[in-house]
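Data first, discussion second: the structure below is written as structure tokens.
The values are calculated or read from the model by the stated rules, or taken from the named source; none is laboratory data. Just so you know, these numbers come straight off a predicted model, no measurement behind them. Cβ sites come from the backbone with ideal geometry, for glycine too, and all protein chains shown count toward neighbours.
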Amino acid sequence: MSVYLDHAATTPVRDAAVDAWARATAAGGNPSSLHGAGRAARRLLEESREALARSLGVGPSEVVMTAGGTEADNLGVKGLYAARRRADPRRTRVLASPVEHHAVLDCVEWLAAEQGADVVWLPVDDRGVVDVAATRDLLAADPDGVALLTCMWANNEVGSVQPVAALVEAAHAHGVPVHVDAVQGVGWLEGSVGALGADTVAVSGHKLGAPVGSGALLVRRGVALEAVVHGGGQERGVRSGTVDTAAAAALAVAVAEAVAEQPLQAPRVAALRDRLADGIAALDPTAVVRGADRHAPGARLPGNLHVTFTGCEGDSLLYLFDADGIAVSTGSACRAGVPEPSHVLSAMAVTDVEARGALRFSLGRTSTEADVDRVLAVLPAILRRARAAAARVSGAAVTVP
């Protein structure tokens, strides 16, 4: 019996997205070419852009196609920083959430190492949520020196939803642009991306049911952005390279379906998550759910359940679940296999010992009651084996609930 509970890493491709991709691929054509095949590809590309814009609550001219969320984050963060520095060299400060995905985190650290950025990490609480009042104070302390603020919409590891609208309002009061990584939030959180008011927003297709390699950066009208990739000047001159029309078509279809399904899918999946959380608590009272309160409306991604298990190694749990045909993760797939505590948990003041027992269950549109039943059925034996293994390595006694 195969159970897939790693939707935060990637989710199964939707049938409609596969069909859209296949039709566009079969048609061919470079959307920059002037002949009939090129014009047909351009028409499909622009229709896809318009559809994507409608789903996300922005204008078509604000949609820049990319090859995924990581590229979109790089273009948003680096592009804003370069444009702001060009306009005023004093703008070297970057205010960043310390719980960002590495697509943003590594960009910020690169700016510090290579471009002279002065990075200020925004304080977060034990839920991994940014402190808005402290952020306002940091903005007010030196508004002329701030290049940008970057904060994700929802955390990919612990599922906490960030107060993005409040952060955007605080930053815009000082004329500071904001980049938002919305990769995990689109299709699961209420409200349109456009309503966030951010200056640049990253979207990734494979988290929504589009193929890997599809994505977009939403760039608010009038926002200055420097190019990161140079070449033919496609996509408003800020993202050169032949645009993948098939990926754009698949992305538009997947986002439209995900947004339309959100009112029904989000509560259904949240109910499954809560049933799983309650079952884990009954089987192991020492297990701790990390991140925002799952009972608080809108505070947490519907499908995210991040748990730390006492006396276990997360990798051991992952492999034991995998051996039982259940796919879970210890955190971000981009850092799988890295033998160090999650930077997200560290920012939340979770100790290294506690963080070692971290496991993320992420549910999605294909998740079922049977999936939850299967996890709860095998969990006791998996915990016993994982704790016994950890005890053998440490030589310490372990109490098994």
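In this structure, is V238 modelled with pLDDT of 95 or more and buried (at least 18 other Cβ atoms within 10 Å of the Cβ)?
No; evaluated as a whole, the condition is false for this residue.
Of the conditions (1) within 27 Å of V168 (Cβ to Cβ); (2) at pLDDT 95 or above; (3) assigned by TED's automatic domain parsing to the domain that holds R39; (4) part of a loop (DSSP other than H, G, I, E, B), L217 satisfies every one except a single condition; which number is it?
Condition (4) is where L217 drops out.
Quick check on my filter: what residues within the stretch 181-208 are among the aliphatic types (A, V, I, L, M), outside any loop (DSSP other than H, G, I, E, B) and in contact (Cβ under 8 Å) with a residue 60 or more places away in the chain?
Passing the criteria: A195, V201, A202, V203.
Inspect the stretch 358-368 for any residue being within 27 Å of the chain's Cα centre (by Cα), modelled with pLDDT under 95, among the basic types (K, R) and not assigned by TED's automatic domain parsing to the domain that holds W121 and give the result as yes or no.
No: the stretch 358-368 contains no residue that is within 27 Å of the chain's Cα centre (by Cα), modelled with pLDDT under 95, among the basic types (K, R) and not assigned by TED's automatic domain parsing to the domain that holds W121.
Which residues, counting only those in the stretch 79-115, are touching a helix residue (DSSP H, G or I) at 6+ places or on another chain (Cβ under 6 Å) and among the charged types (D, E, K, R)?
Answer for the stretch 79-115, where residues must be touching a helix residue (DSSP H, G or I) at 6+ places or on another chain (Cβ under 6 Å) and among the charged types (D, E, K, R): R90, R91, R93.
Considering each of A170, A224 in turn, give the residue that is within 29 Å of D131 (Cα to Cα) and not in a loop (DSSP other than H, G, I, E, B).
Exactly one residue qualifies, and that residue is A170.
Determine if the stretch 249-269 includes at least one residue that is in the same structural domain as V372 (by TED's automatic domain parsing), touching a Leu at 6+ places or on another chain (Cβ under 8 Å) and in a loop (DSSP other than H, G, I, E, B).
Looking for residues that are in the same structural domain as V372 (by TED's automatic domain parsing), touching a Leu at 6+ places or on another chain (Cβ under 8 Å) and in a loop (DSSP other than H, G, I, E, B), one finds none in the stretch 249-269, hence no.
With respect to L305, is the statement that it is closer than 21 Å to L317 by Cβ, of a type in the set (A, V, I, L, M, F, W, C) and buried (at least 21 other Cβ atoms within 10 Å of the Cβ) true?
Yes; evaluated as a whole, the condition is true for this residue.
Identify, by number, the condition in (1) modelled with pLDDT of 95 or more; (2) in contact with a strand residue (DSSP E or B) (Cβ under 9 Å, 6 or more places away or on another chain) that R39 doesn't meet.
With (1) modelled with pLDDT of 95 or more; (2) in contact with a strand residue (DSSP E or B) (Cβ under 9 Å, 6 or more places away or on another chain) applied to R39, the lone miss is (2).
Conditions first: (1) surrounded by fewer than 22 Cβ atoms within 10 Å (Cβ to Cβ); (2) under 30 Å from G29 (Cα atoms). P267 passes all but one, so which condition is the exception?
Unmet for P267, out of (1) surrounded by fewer than 22 Cβ atoms within 10 Å (Cβ to Cβ); (2) under 30 Å from G29 (Cα atoms): (2).
Consider A370 carefully, then state whether it is of a type in the set (G, A, S), within 20 Å of A8 (Cα to Cα) and surrounded by fewer than 14 Cβ atoms within 10 Å (Cβ to Cβ).
yes
Quick check on my filter: what residues within the stretch 281-332 are among the hydroxyl-bearing types (S, T, Y), under 17 Å from R374 (Cβ atoms) and within 16 Å of the chain's Cα centre (by Cα)?
Passing the criteria: only S329.
Only residues that are touching a helix residue (DSSP H, G or I) at 6+ places or on another chain (Cβ under 6 Å) and of a type outside the set (A, V, I, L, M): list them for the stretch 258-283, please.
Hits for the stretch 258-283 are R275, G279.
Identify, by number, the condition in (1) farther than 30 Å from E257 by Cβ; (2) over 16 Å from the mean Cα position of the chain (by Cα) that P60 doesn't meet.
Only one criterion in (1) farther than 30 Å from E257 by Cβ; (2) over 16 Å from the mean Cα position of the chain (by Cα) is unmet by P60, namely (1).
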